[in-house]
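Student: This is the structure I want to talk about, given as structure tokens.
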Amino acid sequence: MPVIPLPVQLSALPEGSYRLTDASRVRFEEAALEGVAAYLGELLSVPTSPDEGDIVLTLEGDEPEGYALRASENGIRIGGGSPAGVFYGVQTLRQLVQENRTVEAVEIADAPRYAYRGAMLDVARHFFGVDDVKRYLDDIALLKLNHLHLHLTDDQGWRLQIDAWPELTGIGASTRVGGGGGGFYTKDDYREIVAYAASSFVTIVPEIDMPGHTNAALASYAELNTDGIAPEPYEGIEVGFSSLDSNKPLTYDFVRDVLTELADLTPGPYLHIGGDESLATTDADFLLFVRRAAEIAASLGKTVIGWHEMGRSRELPPGTIGHYWNFSDPREGNGEHALSFVEQGGQLIISPGDRAYLDMKYDESTELGLVWADGPTPVPDSYEWDPALIVPGVGEEHILGVEAPLWTETVTTIDEIEFMAFPRLACVAELGWSPRTDAPRHFEEIAQRLARLGGLWDALGVQYYRAPEVEWGGT
Ligand code: NGO
């Protein structure tokens, strides 16, 4: 039975299929499940009730994100360790409902491999409004992802209202790659995104990328610049030319103000403070900046996340999470930088550029996308790897999870987001959720299930790429 991510245990039962009819009802046994029940009821066009119904949602078991699902002609029962677990059971059920509104008899027991299963959207290179982000949240919920990392700032745009520094959006939000105007989230917009994400058990992980990738901030405030002169806004796609000034006291007022307002908007545990490609920052300045900025973020009660270059610092706050983004065979010291987080007591999020980056072209003919990570990334490459075998010295227990970033230098619409993300994001989601396999994974293990998921994507209007390695059904 085709489900992505593949459940831990799935057995077909000898009983008859369940049939959705006008008499079907979703019953929730605990008040805490009313929201999930309403969500399922709407998906299936079935009423919900706390008292009666043959599709039963309940709390049971002690794996918070785990669930058990049983379907037969007599009904469906989903028991989860928490409302999130029930929600994941519901995602599985969505994939089991066939076109004729039946569900084959089955028994499933399931729980995730990693606590952190993420997608990232770069809203800085091109801005995407609240509705686009909600749409992407809907898309990733189907795959049981539980974190959406928003890359909120970069050279080409600052995308979040900060009251203490209004020109960040007054000036810094006005641009995007290629020109044509920018955009930003007001605090209310941002709260709306956070709340919508929470309704599908997704935590928003906000990133303010520093000390490099800061031209939009530097263009907004001359006084943040070493020479006191604001650079021109930037709409190209080069990286590594901008830097905050580590030696200016004002820099840390800025960092504190921004992170304090961001932490106030952030119920989740993480603040991502970037740290990648600070090529215009000297080593000494980088280390000074990272120590102080990470200290500020930690003082706000948050767990700090930084791209793996931040591991150059040996003075990270306890528990700082490293975010590895180099190749799946680490080059140029990147593996050591990632390992440094583990040596300092932290864990890693794994996003190898040549496996998990959704902005790589599928093949040479893909119009959108980049190729810096060893050329294009065909769909099988996004599946045939193991997060626990990427960084030498970093084993399963040191990995918080996996994430698939979508950088948007070339991506401008939600349809293009979906085209670059799917089906590759489904492959990465399976690596994040399904149990580790002893033998290396082969694309054939997921190809047919992707074809089946394509049917659901068609029904949902998701604009996925019809990869030639999959025998898609339909037209
Ligand atoms: C790199 C770079 C980003 C680019 C991206 C494009 C990281 C962490 N920094 O990834 O600025 O947008 O590649 O693939």
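Student: Let me spell it out: the conditions are (1) assigned to a loop (DSSP other than H, G, I, E, B); (2) under 21 Å from Pro211 (Cα atoms); (3) within 12 Å of the ligand (Cβ to nearest atom), and Phe327 meets all of them except one. Which number is the exception?
Tutor: (2)
Student: Within the group Arg424, Arg355, which residue is open to solvent by 30 Å² or more (accessible area, probe 1.4 Å), among the basic types (Lys, Arg) and within 15 Å of the ligand (Cβ to nearest atom)?
Tutor: Details: Arg424 fails: open to solvent by 30 Å² or more (accessible area, probe 1.4 Å).
Sole residue among the options that is open to solvent by 30 Å² or more (accessible area, probe 1.4 Å), among the basic types (Lys, Arg) and within 15 Å of the ligand (Cβ to nearest atom): Arg355.
Student: Could you list, ordered by first residue, the pairs with Cβ atoms under 8 Å in which the first is in region 271-290 and closer than 15 Å to Thr251 by Cβ and the second is open to solvent by 40 Å² or more (accessible area, probe 1.4 Å) and not aliphatic (A, V, I, L, M), at least 6 apart or interchain?
Tutor: Listed pairs, sorted by first residue: Ala280/Phe241; Asp285/Asn247; Phe286/Arg312; Leu287/Arg312; Leu287/Glu315; Leu288/Asn247; Val290/Arg312; Val290/Glu315.
Student: Yes or no: Val342 away from the ligand (no atom under 16 Å from the Cβ), of a type in the set (Val, Ile, Thr) and open to solvent by 20 Å² or more (accessible area, probe 1.4 Å)? Explain how you work it out, then say what you get.
Tutor: Values: away from the ligand (no atom under 16 Å from the Cβ): yes; of a type in the set (Val, Ile, Thr): yes; open to solvent by 20 Å² or more (accessible area, probe 1.4 Å): yes.
Spelling it out, Val342 is indeed away from the ligand (no atom under 16 Å from the Cβ), of a type in the set (Val, Ile, Thr) and open to solvent by 20 Å² or more (accessible area, probe 1.4 Å).
Student: Look at Ser246 and say whether it is more than 16 Å from the ligand (Cβ to nearest atom), open to solvent by less than 20 Å² (accessible area, probe 1.4 Å), touching a Phe, Trp or Tyr at 6+ places or on another chain (Cβ under 8 Å) and assigned to a loop (DSSP other than H, G, I, E, B).
Tutor: Numbers: more than 16 Å from the ligand (Cβ to nearest atom): yes; open to solvent by less than 20 Å² (accessible area, probe 1.4 Å): yes; touching a Phe, Trp or Tyr at 6+ places or on another chain (Cβ under 8 Å): yes; assigned to a loop (DSSP other than H, G, I, E, B): yes.
So Ser246 passes the test.
Student: Report yes if Phe254 is open to solvent by 20 Å² or more (accessible area, probe 1.4 Å), more than 15 Å from Ala280 (Cβ to Cβ) and either assigned to a strand (DSSP E or B) or in contact (Cβ under 8 Å) with a residue 60 or more places away in the chain (or both), otherwise no.
Tutor: Numbers: open to solvent by 20 Å² or more (accessible area, probe 1.4 Å): no; more than 15 Å from Ala280 (Cβ to Cβ): yes; either assigned to a strand (DSSP E or B) or in contact (Cβ under 8 Å) with a residue 60 or more places away in the chain (or both): yes.
The answer is no for Phe254.
Student: Need the failing condition index for Gly16 against (1) surrounded by fewer than 14 Cβ atoms within 10 Å (Cβ to Cβ); (2) at pLDDT below 95, just the number.
Tutor: (2)
Student: Please determine, by comparing only the residues of region 231-241 that are open to solvent by 30 Å² or more (accessible area, probe 1.4 Å) and more than 20 Å from Gly183 (Cα to Cα), which one is nearest to the ligand (Cβ to nearest atom). Steps first, answer last, please.
Tutor: Here is the first cut: in region 231-241, the residues open to solvent by 30 Å² or more (accessible area, probe 1.4 Å) are 231-235, 237-239, 241.
Adding the requirement that they be more than 20 Å from Gly183 (Cα to Cα) leaves 238-239, 241.
On the way: Glu238: 10, Val239: 5, Phe241: 12 Å.
The residue in question is Val239.
Student: When you scan region 279-292, do you find a residue that is within 16 Å of the ligand (Cβ to nearest atom) and surrounded by fewer than 21 Cβ atoms within 10 Å (Cβ to Cβ), even just one?
Tutor: Looking through region 279-292, at least one residue is within 16 Å of the ligand (Cβ to nearest atom) and surrounded by fewer than 21 Cβ atoms within 10 Å (Cβ to Cβ).
The values are calculated or read from the model by the stated rules, or taken from the named source; none is laboratory data. As the structure is a computational prediction, the values presented were derived from the model and not from experiment. Counting neighbours? That spans all protein chains shown, and the Cβs are built from the backbone with ideal geometry, glycine included. Ligands, DNA and RNA are stripped out before the accessible areas are found, and what is left, the full protein with its side chains, is counted by its heavy atoms. Shrake-Rupley method; radii C 1.70, N 1.55, O 1.52, S 1.80 Å.
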